[in-house]
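This report concerns only the one structure given below.
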Amino acid sequence: MVMLALAGPAAAQQAAPDLPLWELGVFGGAALTPAYPGAEDRSTRALVLPLLIYRGKVLRADRAGINARLINTERVEFDLGFALSLPARSDDVAARAGMPDLNSLLEFGPRVKVLLAEPTARSRLRLEVPLRAPVELGNGFHRQGLVLEPRLVLETGGEDGKWQADANLGAVIGNARLNQYFYEVAPQYATATRPAYRAEGGLMMTRLGLSLSRRLSPDWRVFGFGRYENYTHAANRESPLFRRNSGMSIGIGFAWTGYRSPARAWE
């Protein structure tokens, strides 16, 4: 959600490179999502957070996330970045009653982005391949495996720069440890309706996402997004914690950036 509220797509930035080096403001948003991939229960989450956009030559905090660009050519970009997933309390999820909570996961790792095509002057089609190591924020900051998420991303925007949109299609693949974090049932948590289960690595989901943002003024931007996830071919569909074959997330939000630098961004 936070990433959707940040700076516009790369295509829009290249078309209008005269952007501030940094912007400071507030982000707010709300989303309705599955409690975890494959969950029957849903969670409504709302956030109001400080917002920093930074467009440095190497360090970036923008729509693509927080990352350090190590290679940046016309066609290929390589960076190190972060992502964050929100927690789910087992007391709020019937299938996980009596089991440990799912804490927030902070993901860190490399990402390769390859420009495949530019269908129009203001649109880009890219292949992105991030590989990240999730770290559980709690319980001693344990590393919870690895996740690979190859995806195709199409970005476009209006000629006046007031609106931007993107669509992405990809897959999420986790190793055994990450799948165990979500879907394993240890013997001590087994019940008559929730048998013990040993999770294995493999496909977690395929995902289709759409987002649209609109700049109302130099300081205000609003956005909305939708994301469909399909678990039909997931490696651990036999887990008793798997309750649905698909999931849908929707959200809306705003970004206000009332403070910005006189220095201009690196592009």
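Among the listed residues Leu203, Leu169, which satisfies the condition of being touching a Lys or Arg at 6+ places or on another chain (Cβ under 7 Å) and either more than 18 Å from Gly226 (Cα to Cα) or not in a loop (DSSP other than H, G, I, E, B) (or both)?
On the way: Leu203 fails: touching a Lys or Arg at 6+ places or on another chain (Cβ under 7 Å).
Checking each option against the conditions leaves just Leu169.
Taking the condition of being in contact (Cβ under 8 Å) with a residue 60 or more places away in the chain and of a type in the set (Ser, Thr, Tyr), how many residues in the range 196-211 meet it?
We begin by selecting, within the range 196-211, every residue in contact (Cβ under 8 Å) with a residue 60 or more places away in the chain; these are 204-205, 211.
Among the residues that remain, those that are also of a type in the set (Ser, Thr, Tyr) are: 211.
The qualifying residues number 1.
Would you check which residues across the range 112-157 are open to solvent by less than 50 Å² (accessible area, probe 1.4 Å), assigned to a loop (DSSP other than H, G, I, E, B) and touching a helix residue (DSSP H, G or I) at 6+ places or on another chain (Cβ under 7 Å) and list them?
Arg122, Gln144, Gly145
Taking the range 194-222 on its own, how many of its residues are under 23 Å from Gly170 (Cβ atoms) and surrounded by fewer than 21 Cβ atoms within 10 Å (Cβ to Cβ)?
Taking the range 194-222 as the starting set, the residues that turn out to be under 23 Å from Gly170 (Cβ atoms) are 199-213.
Of the ones still in play, those that are also surrounded by fewer than 21 Cβ atoms within 10 Å (Cβ to Cβ) are 200-203, 206-210, 212.
Total satisfying the criteria: 10.
Every residue in the range 211-237 that is out of contact with any Ser or Thr (no Cβ under 8 Å at 6 or more places or on another chain), of a type in the set (D, E, K, R) and assigned to a loop (DSSP other than H, G, I, E, B), please.
Correct list: Arg237 only.
Considering the range 245-267 alone, what residues qualify as being assigned to a strand (DSSP E or B), among the aliphatic types (A, V, I, L, M) and open to solvent by less than 50 Å² (accessible area, probe 1.4 Å)?
Looking only at the range 245-267, we keep the residues that are assigned to a strand (DSSP E or B), and these are 246-260, 264.
Those left that are additionally among the aliphatic types (A, V, I, L, M): 248, 250, 252, 255.
Hit for the range 245-267 is Ala255, nothing else.
The values are calculated or read from the model by the stated rules, or taken from the named source; none is laboratory data. Worth saying up front: this structure is predicted, and the values here are computed from it rather than measured. Quick reminder, even Gly has a Cβ in these numbers, built from the backbone with ideal geometry, and neighbours come from all protein chains shown. All accessible areas refer to the heavy atoms of the entire protein, side chains included, with ligands and DNA or RNA removed. Shrake-Rupley method; radii C 1.70, N 1.55, O 1.52, S 1.80 Å.
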